[in-house]
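Take a look at the structure below.
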Amino acid sequence: LLTVTNKIEAYIDELDERSLLEKPEGCKWTRLTLIIAQLRHLQYHTGIIMGFIICDTGKWPLVIGLENEIPGNDFPYFG
């Protein structure tokens, strides 16, 4: 039985430059555009959630960025 993670990884492993520029049948956008649109959609909702947290608590969530290591359980979630 494939998990969602396995399915996503299998799909990504099959992608190459040619397939990223193809439009799925009946779709007006390329696969690359669709993937980027999903990431943008996720960021949009994450931003809304963060806005509610900031408004409710007055605290801003800390961001670790790309260069820092993923912290352990002792990471202070808010600054």
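Tabulated data for the structure shown
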| item | result |
| --- | --- |
| Matching residues, the stretch 36-59, being at pLDDT 95 or above and open to solvent by less than 60 Å² (accessible area, probe 1.4 Å) | Ala37 |
| Elements of type helices (runs of 4 or more DSSP H) in the chain, at least 1 residues being without any contact (Cβ under 8 Å) to a residue 12 or more places away in the chain and of a type in the set (A, V, I, L, M) | 4-14, 31-57 |
| Scope the stretch 60-73; condition in contact with a Phe, Trp or Tyr (Cβ under 8 Å, 6 or more places away or on another chain) and open to solvent by 100 Å² or more (accessible area, probe 1.4 Å); matching residues | Trp60 |
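The values are calculated or read from the model by the stated rules, or taken from the named source; none is laboratory data. Predicted, not measured: the structure shown is a model, and the values here were computed from it. Quick reminder, even Gly has a Cβ in these numbers, built from the backbone with ideal geometry, and neighbours come from all protein chains shown. The area values use the complete protein model at the heavy-atom level, side chains included, leaving out ligands, DNA and RNA. Shrake-Rupley method; radii C 1.70, N 1.55, O 1.52, S 1.80 Å.
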